[in-house]
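Every read-out reported here was derived from the displayed coordinates using simple, explicitly stated rules and does not represent laboratory data. Keep in mind it's a predicted model, so treat the numbers as computed, not measured. Every residue, glycine among them, receives a Cβ derived from its backbone with ideal geometry; neighbour counts consider all protein chains shown.
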Amino acid sequence: MDLIIRNALLRGNKETQDIGIKDGKIQKIKKNIKDKTKKEIEADGKLVTESFCNAHLHLCKVYTLQMMDEEALKSYHGSDMGAAMTAIELAARVKEKYAVDWIIKNVRKALALAALNGNTHIRAFADVDSKAKLIGIEALLQAKKEFKDIVDIQVVAFPQDGVVREPGTEKLIDQAMKMGADVVGGIPWIEFTEADEQSHIDAMMKIAKKYDKDISMLVDDAGDPGLRTLEKLAVATIKEKRFGRSLAHHARAMALYPGPYFKKIAALLKQAGMGVVSDPHTGPLHAKVKELLEEKCLVILGQDDIVDAYYPFGQNNMLEVAFLNVHLLWMTTYKEMEKIYDMVTIDAGKAMNVKDFGLKEGNAAHLVILDAKSIYEAIMYHREPLHIISHGKLIDKEAMRKYIV
């Protein structure tokens, strides 16, 4: 074995187990592994689980709040979110200053925090438009190489300011995919007409099919119950038979949907195999998380933003995200907290199509040894894990701390 974790407490178990890791895989889970090993870690009865996955982070914008005034933040956090489009337009001003050299420094800090907090997989958005051009994509692709086998980054080519509204963006998204981006983004609700919303979805779907890539789209991110781009994306996914290849983000307008229409949306989501990433801590409205769970839909929690024009906090700590959303969603029973934990680990990995993810023999060894003996305790204190294993290797925490100044 390359590594054996001794006396690990696994979820749902009362007795501890050993976990044997070799060649990046979980080889054995049993009471007492007697194989020889290069390295041992003593878990001492602490909880060991899959590592964390963050399915939604605008990584090219981290730590840009200080470059802005607070008008975008006030617009986005208005009680009815009626000015969400205005917030996006105000926030776009930072992209006039985009340069790889300062973006990459911010990105390294955010990824080091992710590593320290056991967040080993991130779906990371980079704006692509007439202002940002491909600068954010270039920075994120560079970071992806630098943090290979520490934090896996799925780079999303994201047309933040629209496709129809921003002529030339469709071509830039295509170029981003040629450069090596992993996921085709979208934000169809930002367009001015329903016809343009459909054109936005169709254009991004065409590129996704061309490069055989998944789709991540921010849908209906405003306090308008008349927005319908979540439905449009689900229908397009079903029509193209790309089941499980689309992921919806935000869907805040869902908070205002009447019951019968919500039921229809839930049915479409299940048919499309499409999950919803919700970030209730970054806006006053959010998708109907508990109701979606009751309908057996796939729901995930994301960080969304770190110190930018939309949210002034964030540490790339998915336990902190879990802690916040236990309160915001009123999911305070032990059973509900277990589900919240799934939403930042195994469910998030499923939504991101991370291969071989999960704590079982034969899967990739992406694990955290928590400073806790239960999910309740882990969420309550949301402390940095004692140890993080990515691709079967122990992350060097001191090396990561050097990025954080």
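Tell me the label-point distance for the pair LYS97, ASP149, using the 7 Å Cα-to-Cβ offset, in nm and rounded to one decimal.
That separation, rounded to one decimal, is 3.7 nm.
Going down the table (LYS31/LYS373; LYS109/LYS288; LYS144/LYS206; LYS28/LYS393; LYS61/LYS97; LYS25/LYS355), which pairs top 22 Å between alpha carbons?
LYS109/LYS288; LYS144/LYS206
Please name whichever of ALA195, ILE153, VAL163 sits farthest to the positive end of the charge dipole of the range 52-351, dipole taken about the Cα centre and charges placed at Cβ: Lys and Arg +1, Asp and Glu -1.
With unit charges placed on the Cβ atoms, the residue in question is ILE153.
For the range 245-313, which trypsin sites (Lys or Arg not before Pro) are both in a DSSP coil and crowded by at most 12 other Cβ atoms within 10 Å?
Qualifying residues, ordered by number: LYS296.
How big is the dipole moment of the chain about its Cα centre under a simple scheme where the beta carbon of each Lys and Arg is +1, that of each Asp and Glu is -1, and everything else is neutral? Debye, nearest 20, please.
1500 debye
At what distance in angstrom do the alpha carbon centres of the range 366-405 and the range 1-39 lie from each other?
A separation of 17 Å, based on Cα centres.
What order do you get for CYS60, CYS297 when you list them from fewest to most C-beta neighbours inside 10 Å?
Result, fewest neighbours first: CYS297, CYS60.
Going by C-beta contacts inside 10 Å, put THR333, THR16, THR169 in order with the fewest on the left.
THR333, THR16, THR169
Label 7 Å along Cα→Cβ of LYS335; the range 279-323 residues with amide nitrogen under 15 Å?
Answer for this model: 290-291, 293-296.
By counting other Cβ atoms within 10 Å of each Cβ, how are LEU293, LEU59, LEU359 ranked from fewest to most?
LEU293, LEU359, LEU59
Using only alpha carbon pairs under 8 Å that are at least six residues apart, calculate the relative contact order of the range 75-206 and give it in whole percent.
Once divided by the residue count of the range 75-206, the mean separation gives 21 percent.
Points 7 angstrom from Cα along the Cβ direction at ASP371 and GLU70: gap in nanometres?
Modelled inter-label distance: 3.2 nm.
Could you work out the relative contact order of the range 52-351, using alpha carbon pairs under 8 angstrom and six or more residues apart, expressed as a whole percent?
Here the relative contact order equals 21 percent.
Could you give log10 I(q)/I(0) at q = 0.09, 0.13 Å⁻¹ for the chain, computed by the Debye formula over C-alpha point scatterers of equal weight, without solvent?
Values returned for q = 0.09, 0.13 Å⁻¹ are -0.51, -1.07.
How far is helix 229-239 tilted off the main Cα axis of the chain, in degrees rounded to 10, range 0 to 90?
70 degrees
Given a 10 angstrom Cα cut-off, can you work out which residue in ALA348, ALA91, ALA83 is the most mobile in a GNM of the chain?
Sorting by GNM fluctuation, first place goes to ALA83.
Only sites in a loop by DSSP and with at most 12 other Cβ atoms within 10 Å count here; which trypsin sites (Lys or Arg not before Pro) in the range 212-243 make the cut?
LYS241
Taking the simple approach of a point 7 Å from Cα along Cα-to-Cβ for both TYR211 and THR86, what is their distance in nm?
Spacing of the two 7 Å Cα→Cβ label points: 3.5 nm.
For the range 6-123, what's the relative contact order in percent, using C-alpha pairs closer than 8 Å and at least 6 residues apart?
Computed over the range 6-123, the figure is 25 percent.
Length gain on complete extension for the stretch GLU361 to LYS38, per 0.36 nm per residue less the alpha carbon to alpha carbon distance?
114.4 nm
In the chain, what percentage of the DSSP-assigned beta bridges are antiparallel, given to the nearest 5?
For the chain, the DSSP antiparallel bridge percentage is about 35.
Helix 194-211 versus the longest principal axis of the chain: what is the Cα-based angle in degrees, 0 to 90, to the nearest 10?
It works out to around 40 degrees.
Any idea what angle helix 135-146 forms with the longest principal axis of the chain, computed on alpha-carbon atoms, 0 to 90 degrees, nearest 10?
10 degrees
Using 1/(1 + (r/R0)^6) with R0 = 30 angstrom and r between the beta carbons of ASN13 and ILE404, what's the FRET efficiency to the nearest 0.05?
0.30
Loop sites only, by DSSP: take the chymotrypsin sites (Phe, Trp or Tyr not before Pro) in the chain that have at most 14 other C-beta atoms within 10 Å and name the longest stretch containing none of them.
The longest uninterrupted stretch comes out as 1-191.
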